[in-house]
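Report on the structure given below.
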Amino acid sequence: MTIAHNSSAYDVVVVGAGAAGLSAALSAHEDLHTDGRRGTVALLERATRELRGGNTRWSGAFLRLQDETTPVDGLADYGLAVSQGHASRAYYEALTARVPEAFGWLVAKGVQLVDGPTIFLTASATRYQPVGGGEHIVETLFDAVEQTDIAVHYETSAEHLVTAEDGSVVGVRVRTPDGRLQTLGAGAVILAAGGFQGNPEMMARYCGANAYRIPPISRGGRHNRGDGLRMALEAGAGTEGQFDLFHAEPKDPRSQVAEAVVMTFPYGIVVNTQGQRFIDEGADTVDQTYEKVARGIVRQPGSLAYAVFDQQVMSTPGYEHAVLTDVDPVQADTVADLEAELGMPPGSLVATVEAYNAACPQDRDAYDPLALDGLAATPPGQPAKSNWARPIERGPFFAYPQICANVFTFGGVRTDLEARVLTADGYVIPHLYGAGEMTGLYYEMYAGSTSVMRSVTFGRAAGRHAAAQIPAATGGAR
Ligand SMILES: Cc1cc2nc3c(=O)[nH]c(=O)nc-3n(C[C@H](O)[C@H](O)[C@H](O)COP(=O)(O)OP(=O)(O)OC[C@H]3O[C@@H](n4cnc5c(N)ncnc54)[C@H](O)[C@@H]3O)c2cc1C
């Protein structure tokens, strides 16, 4: 392959500047600057400098850790269980084994992790979180990048991989800020360009009908248009992960904040625009339930629902951590007035609440919002509610609109444990790596609080492996 005259060349080119890409670029650069080497790294970011950092920037970035650098016990078993056995055990085991080193590195870079309150008032495992969420990871790692000679190209999108006759990747074609194409030669290309949640055409192709009603949860996702996946597929990559699914969260569509969730829904009821309940809001701890609730909303008329509460919910310990929308709820003194405010058929919500209230247990003392309390109700003609079934009876009553938002897509590129991209037959595509959201892992249900963990861990693995493949003689003058 001849590189065109309007080209530059680097030892390693990283596509995408979220958790995976930043970890990859810094790790590659560090290893290319050991033993007297002075290799070159470029980092491509579609977004502006102000919006840099992809989905990671907008993420709460909860981490399934038991301390700053140790994954929770049984991580692989959990990942396998929620995927109904389809996820790669080898991948989860490698993740478990490598998190201590990768997160030790991250903490040494200045990222502060804390065991603080989460949006989940009941949860299946402990979580750590960067102080200030994913933005803290992005800005701390960019600070480190800016202390190096890593060439950061903002508003620059990779469009195609350049391959040699034998299929090796030797460069990438990029669209520069002036709208022109340029070729960057590369000793290795690391794709870390996120999922395809920001690409309506791919969402419809893979996720099917009504996909247009499932927007990315935040602005970061709009930059993730499946380019990494498409480029890798063009180069012969295989796939993993469930292509028709995505990580779903119920969100308040009126709010522009990064994660406008109302994770108190287990303590109320969730109804559709016809005033009908359609799901068990208290089936399990909220971190195990919210994705099912969000997916259930897609199937309702207009793919819209309402989380309905009475005043009792306000005394839930930690309430303020679980309600992140910044728009006030719709409120009314009676359920009938709330129903009218929400434009529901007359009598519909009233009938639902009356039947639900009548089915709730009398034993109010057993109510415990911070544990699975077993207070169950089975209202006739409605789904059961397995926990926290307490009547909705103390006005004013209020409701938050809820849609299903797309946090990231599940279908992605197949990689090995060194983050090398593999063909469907398992051959390594030489000099091509993939990390983060754009690599396939998840099936059926997201293994909560593992996406940032794996993005950092396998981004770092990709950077280190790519750097190790660059000949020692290379001095940045490719
Ligand atoms: C609101 C919200 C809450 C979340 N909460 C959690 C949580 O608590 N825990 C958790 O683990 N995960 C969470 N996630 C998911 C998690 O943050 C992401 O999946 C993860 O950070 C993805 O990292 P990444 O580096 O793979 O992708 P991203 O951070 O999305 O980075 C992708 C990068 O690629 C760039 N890009 C895309 N295409 C191109 C191209 N063609 N050329 C150049 N650049 C390109 C983008 O601009 C971006 O910089 C959340 C996400 C959101 C949005």
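Looking across the range 388-400, the residues that are out of contact with any Cys (no Cβ under 8 Å at 6 or more places or on another chain) and either small (G, A, S) or open to solvent by 10 Å² or more (accessible area, probe 1.4 Å) (or both) come down to E393, R394, G395, P396, F397, A399, Y400. Filtering the range 202-215 to residues that are open to solvent by 30 Å² or more (accessible area, probe 1.4 Å) and within 15 Å of the ligand (Cβ to nearest atom) leaves only P215.
Restricting the range 49-63 to residues that are more than 6 Å from the ligand (Cβ to nearest atom) and in contact with a strand residue (DSSP E or B) (Cβ under 6 Å, 6 or more places away or on another chain), the residue that is most open to solvent (accessible area, probe 1.4 Å) is R49. Under the condition of being within 15 Å of F397 (Cβ to Cβ) and assigned to a loop (DSSP other than H, G, I, E, B), the residues counted in the range 343-365 number 1.
Okay, residues lined up against (1) closer than 12 Å to V407 by Cα; (2) out of contact with any Leu (no Cβ under 8 Å at 6 or more places or on another chain); (3) at pLDDT 95 or above:
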residue: R222; (1), (2), (3): yes, yes, yes
residue: R225; (1), (2), (3): no, yes, yes
residue: G228; (1), (2), (3): no, no, yes
residue: G236; (1), (2), (3): no, yes, yes
residue: E240; (1), (2), (3): no, no, yes
residue: D252; (1), (2), (3): no, yes, yes
residue: Q256; (1), (2), (3): no, yes, no
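For L441, are the conditions met, namely being assigned to a loop (DSSP other than H, G, I, E, B), open to solvent by less than 10 Å² (accessible area, probe 1.4 Å) and within 16 Å of the ligand (Cβ to nearest atom)? Yes: the conditions hold for L441.
Within the range 25-33, can one find any residue that is within 16 Å of the ligand (Cβ to nearest atom) and under 21 Å from the mean Cα position of the chain (by Cα)? For the range 25-33, residues within 16 Å of the ligand (Cβ to nearest atom) and under 21 Å from the mean Cα position of the chain (by Cα): present. Quick check: anything in the range 214-237 of a type outside the set (A, V, I, L, M) and under 28 Å from A340 (Cα atoms)? For the range 214-237, residues of a type outside the set (A, V, I, L, M) and under 28 Å from A340 (Cα atoms): present. The requirement of being in contact with a Ser or Thr (Cβ under 8 Å, 6 or more places away or on another chain), within 11 Å of the ligand (Cβ to nearest atom), open to solvent by less than 10 Å² (accessible area, probe 1.4 Å) and of a type in the set (V, I, T) is fulfilled somewhere in the range 243-262, by at least one residue. In this entry, G302 is excluded by the filter for residues that are out of contact with any helix residue (DSSP H, G or I) (no Cβ under 9 Å at 6 or more places or on another chain) and on the phi > 0 side of the Ramachandran plot. Out of E418, E437, one residue alone is under 27 Å from the mean Cα position of the chain (by Cα), modelled with pLDDT of 95 or more and within 20 Å of E291 (Cα to Cα). It is E437.
Taking A399 as meeting all but one of (1) in the same structural domain as S88 (by TED's automatic domain parsing); (2) touching a strand residue (DSSP E or B) at 6+ places or on another chain (Cβ under 8 Å), write down the number of the exception. Answer for A399: the failing condition is (1).
Does the range 450-467 contain at least one residue that is open to solvent by 30 Å² or more (accessible area, probe 1.4 Å), in contact with a helix residue (DSSP H, G or I) (Cβ under 7 Å, 6 or more places away or on another chain) and in the same structural domain as G194 (by TED's automatic domain parsing)? Looking through the range 450-467, at least one residue is open to solvent by 30 Å² or more (accessible area, probe 1.4 Å), in contact with a helix residue (DSSP H, G or I) (Cβ under 7 Å, 6 or more places away or on another chain) and in the same structural domain as G194 (by TED's automatic domain parsing).
The values are calculated or read from the model by the stated rules, or taken from the named source; none is laboratory data. Every value quoted in this text rests on a predicted model; they were computed, and no experiment measured them. Every residue, glycine among them, receives a Cβ derived from its backbone with ideal geometry; neighbour counts consider all protein chains shown. Note: accessible area is taken over every heavy atom of the protein model, side chains too, but ligands, DNA and RNA are not part of it. Shrake-Rupley method; radii C 1.70, N 1.55, O 1.52, S 1.80 Å.
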